[in-house]
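Comments concern the structure below.
The values are calculated or read from the model by the stated rules, or taken from the named source; none is laboratory data. Because the structure is a prediction, the values reported are computed rather than measured. We place every Cβ from the backbone using ideal geometry, glycine too, and count neighbours over all the protein chains shown.
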Number of protein chains: 2
Amino acid sequence: MTETLTLFDTTLRDGQQTQGVQFSTAEKRLIATALDDLGVDYIEGGWPGANPTDSDFFAAAPKTRATMTAFGMTKRVGRSAENDDVLAAVLDAGTPAVCLVGKAHEFHVRTALGCTLEENVEAIRASVAHCVAKGREALLDAEHFFDGYRADPAYALSCLRAALDAGARWIVLCDTNGGTLPAEVGRVVAEVIAAGIPGERLGIHCHDDTGNAVANSLAAVDAGARQIQGTLNGLGERCGNANLTTLIPTLLLKAPYKDRFRTGITEAALANLLRVSRQLDDILNRVPLRSAPYVGASAFAHKAGLHASAILKDPTTYEHIDPARVGNERVIPMSNQAGQSNLRARLASAGIAVEPKDPRLGRILEIVKEREDQGYAYDGAQASFELVARAELGLLPTFFEVKRYRVTVERRKNKYNRMVSLSEAVVVVKIGETKMLSVSESMDETGTDRGPVNALAKALAKDLGPYQACIDDMHLVDFKVRITQGGTEAVTRVIIDSEDSAGRRWSTVGVSANIVDASFEALLDAITWKLIRDHGQPVGA
Amino acid sequence: MTETLTLFDTTLRDGQQTQGVQFSTAEKRLIATALDDLGVDYIEGGWPGANPTDSDFFAAAPKTRATMTAFGMTKRVGRSAENDDVLAAVLDAGTPAVCLVGKAHEFHVRTALGCTLEENVEAIRASVAHCVAKGREALLDAEHFFDGYRADPAYALSCLRAALDAGARWIVLCDTNGGTLPAEVGRVVAEVIAAGIPGERLGIHCHDDTGNAVANSLAAVDAGARQIQGTLNGLGERCGNANLTTLIPTLLLKAPYKDRFRTGITEAALANLLRVSRQLDDILNRVPLRSAPYVGASAFAHKAGLHASAILKDPTTYEHIDPARVGNERVIPMSNQAGQSNLRARLASAGIAVEPKDPRLGRILEIVKEREDQGYAYDGAQASFELVARAELGLLPTFFEVKRYRVTVERRKNKYNRMVSLSEAVVVVKIGETKMLSVSESMDETGTDRGPVNALAKALAKDLGPYQACIDDMHLVDFKVRITQGGTEAVTRVIIDSEDSAGRRWSTVGVSANIVDASFEALLDAITWKLIRDHGQPVGA
């Protein structure tokens, strides 16, 4: 007999409290749609009235299967729920559900609110009752519940009861400061249920300040709570909220949860989890965390030699789940002794078949190793890796040859006595027997100097003869630069992510002590990869 | 009555399995010394004989108070412990302690080892006995213990008993694949102790594949285990090992552990924890994780308006510990309404006193906000932030003025028909009434072109007249580039970390659509900050 476990996502509200994160309204819409496709039950979209972005989001919130929820706070003391303009703004968002934060810790009532304990309980009661009277599903986020329960259990429970009696569908126990440890969470949730708050109306909201947000959420479920609040990729205030990207696969794939609970997440949605996680990082321009459970690029990377050789006999020897279940894949790093079969798999995924035991496989691994010693990183630049392999396999056509380039950056006063900069690039390319000189400057249509790499890229793309349409179809999405070690010296590693109209996205790498050179190398790889995809062979070949 | 809890660090062994991590011998020595200063009880230095780095490390391991430990595996079946060359290499390292991994899961014995269950038990017994006979303290890492116990508890326990009876000081229960959840870890550890393996000889070794490595370690301690194995910053195979940087403050500062256990970590060492964590990231050239518990840059960042205003009344309202205990500090982001008092604190730490309510405070916050909208990021560039504030406060001296610059990057064939690149920069600077033209090229002493930013930096630093000694004393440590959003356009953000001989380290930021310009701006800020520190005022002023 399975029970329902409800997933409440607060990426768009508590996740927005992550230092450095500021969603636009358009980004919030994108994320809401991704969350809905994933299958969470509630989407907390923000705090209408608290800032223009959140208000705009609710003014045109996407239609979702998930229950769209507006966040707010309980009414202020000294006015009625009906006359509280902050609460009114929350209700005006017109969402089917409203989640109100209310204090459950006597210290906070006295210190932060500065009202009596009774006034706070009454604020909770009246606010929840007001939402219910307006036809909304009401949730109470019981702020600082665990700290409050430690200080004064009777008062903390009275706050919960006030909400429950006023008709709240869910009472959410919040470990707001993130300092409570799993054993205590489990004990307190059990005591709350024993005190008469039904588990099927209890939620848990944890923060990761001791690295236990996931474990605390599980401990609460073990003790009987039936709603988990969390965020994608563990975004959130300070160290973040409970990471739903971690919790969802645990709940769906691992004992005792997988057979005990049903959630709104389907198998197909779970297999898309890695993509959703990456999409959020893309929107936020964050580097995905390689070590993230389930969805990290290293989550199924087997570097230890003993592990890698056992994995080849049977993957379950060193994998607790099949990586494909969450859209991830096994990685056996190239430099490893077990690399050859993995290399063949990687080549096959690029459409290149190589027989096992082909001696060129070993040579490719050596080249990759040598180049990684020089500072290249092929983990994040699969397209460049493919070109390295193609070169060794004799499958790398020469579409064009760059004979030379020159780029100049100047900064000086213009005729209006303002400091301005301008970059200019000359590129000389040979296509077949035809030599082509192109020159471009880096000024864009708004008069902004976009720098030497831009000028070079434009000059290179200006006239590639028969390949022009193919080049016009691609654009640069991201450009990452890192000083790294190449042999004994510091070198610059540039990784370029490119995209085309077919929705392809590929990454290339360039390394040099000269950042312009490194960028140019990554750019050339990006163009070559695209030409192979679109043309296969040089025109006329 | 306090009990001893033993901390076993495996950063140099399991941490070395992190994808992308490859320590040099010198780095291993550095890290070992940092670990010893921190106060862990055991330092597992690597696997002598398995690779040259580890062998070199043990050949000249630093003297440590912590017990230096060599890792290895139990003897192979078909030869005696005395005649196993792999085991001999481990013992040859001459460490006081030896930690051997042995299998405790019948599936692995059959699949990976391909021997009988009895042969494996005998291998464990004989290997441990051999180490003990050689006068070493022996530890058994019982690999796949939890999976093995689930499959066949009697066999898994028999592996532990063999090691214990042979004289192992510690039996370490390893959740090798990282898939076991906290409730099960707690239950199994309790059952192991009930089966006769004493808790004071039991260790726990967890991986983070479900995000529970920390919670699993705590669950094992709750159940009676008395040694925790983990790594700094949670390095390790796949998703990493239990993060000691997280566990140590929890054990020292949080109930029920703080009053129950004593460890080798002093209060002073704990206050140095953030520095140790950053030192490891520096060595690995990794960007520190902002959201890391306790030591992350965001761990005590209070972005939510309600939180920030309460923090000003009493920090304990939204902090579960005092950040200073781990060497961290409270951050109230500048753009926040609570920013003014925080701003004053930041200015005070740069030696600039401003009265509360000074209207310039509000203006500084506005400028910071405007510039962050343009793409600047002052979180990671405190020195540039200080300059922005100084400019508004009239405390920013003009040491010199850059009138113009020009930099050229050329790539073409040299006389040996090899493609080479060369950058050249001309900088025109005015110091007082003196105009100075400097030209530099980017070639270093090895003949490598180090690129346009290097050429510019060299030209700029070539002749700064009275400030030359000051400039010669600083050097660039890191250079980070990121494409980000500036208003509606993509811009390049460059962050430069600089260092000087006094051990100062400071970070500056530059933003422009042109990467050379952005770098130059960050470079100018870095020089100006250093001149303020060394000279205070322009020479002659």
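A few notes on this one:
- The set of residues in region A:8-62 that are touching a Lys or Arg at 6+ places or on another chain (Cβ under 6 Å) and small (Gly, Ala, Ser) contains only A:46.
- Extreme residue, nearest to the chain's Cα centre (by Cα), among residues of region A:407-419 that are assigned to a strand (DSSP E or B) and surrounded by fewer than 16 Cβ atoms within 10 Å (Cβ to Cβ): A:419
- Residues of region B:271-288 satisfying the condition of being closer than 20 Å to residue B:10 by Cα and surrounded by fewer than 21 Cβ atoms within 10 Å (Cβ to Cβ): B:272, B:275, B:278, B:279, B:281, B:282, B:283, B:284, B:285, B:286, B:288
- Test: residue in region B:293-312 that is touching a His at 6+ places or on another chain (Cβ under 6 Å), within 12 Å of chain A (Cβ to nearest Cβ) and either buried (at least 16 other Cβ atoms within 10 Å of the Cβ) or in a helix (DSSP H, G or I) (or both): yes
- Evaluation of residue B:65 against (1) within 26 Å of residue B:24 (Cβ to Cβ); (2) crowded, with 16+ Cβ neighbours inside 10 Å (one fails), failing number: (2)
- Where residue A:122 falls short, out of the listed (1) farther than 28 Å from residue A:92 by Cα; (2) surrounded by fewer than 22 Cβ atoms within 10 Å (Cβ to Cβ); (3) modelled with pLDDT of 95 or more: (1)
- The C-beta contact set for region B:438-459 (first residue under 20 Å from residue B:404 (Cβ atoms), second residue surrounded by fewer than 24 Cβ atoms within 10 Å (Cβ to Cβ) and of a type in the set (S, T, N, Q), distance under 7 angstrom, 6+ apart or interchain) comprises B:455/B:440; B:458/B:440; B:459/B:438; B:459/B:440.
- The residue that is surrounded by the fewest Cβ atoms within 10 Å (Cβ to Cβ), counting only those in region B:125-137 that are under 14 Å from residue B:77 (Cα atoms) and small (Gly, Ala, Ser), is B:126.
- Number of the condition not met by residue B:366 [criteria: (1) within 30 Å of residue B:341 (Cα to Cα); (2) surrounded by fewer than 15 Cβ atoms within 10 Å (Cβ to Cβ); (3) in contact with a strand residue (DSSP E or B) (Cβ under 6 Å, 6 or more places away or on another chain)]: (3)
- Taken as a whole, the condition of being surrounded by fewer than 20 Cβ atoms within 10 Å (Cβ to Cβ), assigned to a helix (DSSP H, G or I) and not small (Gly, Ala, Ser) applies to residue B:534.
- When residue B:357 is tested against the conditions (1) closer than 27 Å to residue B:527 by Cα; (2) among the charged types (D, E, K, R); (3) assigned to a loop (DSSP other than H, G, I, E, B), the lone failure is (1).
- Scanning region A:1-43 for residues being in contact with a Pro (Cβ under 8 Å, 6 or more places away or on another chain), crowded, with 17+ Cβ neighbours inside 10 Å and not small (Gly, Ala, Ser) gives a total of 3.
- Helices (runs of 4 or more DSSP H) fully within region B:1-92 that include at least 1 residues being of a type in the set (Ser, Thr, Tyr): B:25-38, B:52-59.
- In region B:467-524, the residues that are hydroxyl-bearing (Ser, Thr, Tyr) and either part of a strand (DSSP E or B) or on the phi > 0 side of the Ramachandran plot (or both): B:484, B:492, B:498, B:507, B:508, B:512
- Unique match (being under 21 Å from residue B:497 (Cβ atoms), without any contact (Cβ under 8 Å) to a residue 12 or more places away in the chain and not charged (D, E, K, R)) among A:483, A:515, A:495: A:483
- Those residues of region A:256-284 which are farther than 15 Å from residue A:30 by Cα and among the charged types (D, E, K, R), in sequence order: A:258, A:259, A:260, A:262, A:267
- Once region A:221-240 is narrowed to residues that are away from every other protein chain (no Cβ under 13 Å) and either within 19 Å of the chain's Cα centre (by Cα) or without any contact (Cβ under 8 Å) to a residue 60 or more places away in the chain (or both), the residue that is surrounded by the fewest Cβ atoms within 10 Å (Cβ to Cβ) is A:224.
- Among the residues of region B:376-392, those that are over 15 Å from residue B:532 (Cα atoms) and within 27 Å of the chain's Cα centre (by Cα) comprise B:376, B:377, B:378, B:379, B:380, B:381.
- Matching residues in region A:499-541 - criterion: being modelled with pLDDT of 90 or more, hydrophobic (A, V, I, L, M, F, W, C) and under 16 Å from residue A:484 (Cβ atoms): A:509, A:511, A:518, A:522
- Residue A:288 more than 11 Å from every other protein chain (Cβ to nearest Cβ) and in contact with a Lys or Arg (Cβ under 8 Å, 6 or more places away or on another chain): yes
- Within region A:418-436, if we keep just the residues that are within 13 Å of chain B (Cβ to nearest Cβ) and not β-branched (Val, Ile, Thr), the residue that is nearest to residue B:512 (Cα to Cα) turns out to be A:421.
- Just one of the listed residues (B:113, B:117, B:157) is touching a helix residue (DSSP H, G or I) at 6+ places or on another chain (Cβ under 8 Å), modelled with pLDDT under 95, in the same structural domain as residue B:196 (by TED's automatic domain parsing) and of a type in the set (A, V, I, L, M, F, W, C), and it is B:113.
- From the list B:218, B:164, B:202, the lone residue that is under 30 Å from residue B:92 (Cβ atoms) and buried (at least 24 other Cβ atoms within 10 Å of the Cβ) is B:202.
- When region B:249-269 is filtered for residues that are within 11 Å of another protein chain (Cβ to nearest Cβ) and either aliphatic (A, V, I, L, M) or in contact with a strand residue (DSSP E or B) (Cβ under 7 Å, 6 or more places away or on another chain) (or both), the ones remaining, listed by number, are B:251, B:253, B:255.
- Looking at A:281, A:314, A:358, A:373, just one residue is under 28 Å from the mean Cα position of the chain (by Cα) and either polar (S, T, N, Q) or not assigned by TED's automatic domain parsing to the domain that holds residue A:497 (or both), and that residue is A:281.
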